[in-house]
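Asker: Dumping the structure here so I can ask a few things about it.
The values are calculated or read from the model by the stated rules, or taken from the named source; none is laboratory data. Keep in mind that what you see is a predicted model, and the values were worked out from it rather than measured. For neighbour counting, all protein chains shown are included, and Cβ atoms are generated from backbone atoms with ideal geometry for every residue, glycine included. Ligands, DNA and RNA are stripped out before the accessible areas are found, and what is left, the full protein with its side chains, is counted by its heavy atoms. Shrake-Rupley method; radii C 1.70, N 1.55, O 1.52, S 1.80 Å.
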Amino acid sequence: MKKTVIAALLFFAATAFTTSSAQVTDPTTTSQATDTVTANFVSKARAANMMEIETGQLAQQKGADQDVKQFGSRMVQDHTAANEQLKQLTQAKKLDAGAQAGADPKMASAMDKLRQASGADFDKEYIRLQLKAHAKNIALFERASRDLPDQELRDFAAKTLPALKEHLEMAKAIAQRLKIDDSGAGGGYPGGNH
């Protein structure tokens with residue numbers, strides 16, 4: 001009888017152990033998913049910053065309106081600083097997010113359009129792009145501030161959001177003053193949601 005009870009207990013213990021082991025999440029899979037989410041955000045944030053820096057430099061050179069030129073200067077300053085903060089974070093965490101995928105066709109098209117435009121036409125294209133870019137990037141950074149697995153990157157996203165929102169309001173004010181239609185400002189920007 002004792003042997004039967006011991007055998008039954010061993011059987012139940014083995015069954016319980018096997019069942020609980022099967023329910024444990026594979027840490028490798030979880031880590032890979034975390035790495036993918038993090039790398040995706042870092043890549044998109046870097047691409048957005050680089051686009052803002054490049055288009056801001058174009059605005060300083062080609063803008064006809066003084067507010068557009070000043071806005072471009074501000075974009076270069078703020079997005080260079082954000083990119084540097086992101087770079088320091090990723091280096092400290094030894095995240096390999098330096099390699100970016102090839103240029104987004106929409107981004108390349110928008111950049112070509114800006115390079116070819118001049119004067120008031122440049123101002124309109126630039127501000128339209130800024131409205132779209134900042135709307136998309138606000139959404140990207142809001143998600144990141146909630147959903148990223150890494151607390152420091154979540155904090156970075158949350159800390160960057162007020163500047164992105166301010167940039168959007170600045171672009172809206174310029175658009176209104178220059179009578180630029182911004183009805184499509186929510187979509188089509190290459191740097192945000194892919």
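Asker: Is there a pair in K87/K159; K106/K165; K69/K94; K113/K136 whose C-alpha atoms are over 25 Å apart, and which pairs would that be? Before the final figure, lay out each step's value.
Answerer: Numbers: K87/K159 15 Å; K106/K165 23 Å; K69/K94 37 Å; K113/K136 19 Å.
Distance filter (> 25 Å) returns K69/K94.
Asker: Let me ask you something else. Sort D78, D155 from largest to smallest accessible area, using a 1.4 Å probe on the heavy atoms of the protein chains. Before the final figure, lay out the partial values.
Answerer: Values: D78 40, D155 80 Å².
From most accessible down to least: D155, D78.
Asker: Next up: Hey, if we sort V76, V42 by accessible area with the 1.4 Å probe, largest down, what's the order?
Answerer: Listed by decreasing accessible area, they come as V76, V42.
Asker: Tell me, what is the 1.4 Å probe accessible area of K136, in Å² to the nearest 10?
Answerer: Result for K136: roughly 40 Å² accessible.
Asker: Report the local net charge at Q116: Lys and Arg +1, Asp and Glu -1, summed over other residues whose C-beta lies under 12 Å from its C-beta. Write out the running numbers ahead of the final one.
Answerer: On the way: positive: K62, K113, R115; negative: D112, D121, E125.
Net local charge, Q116 excluded: 0.
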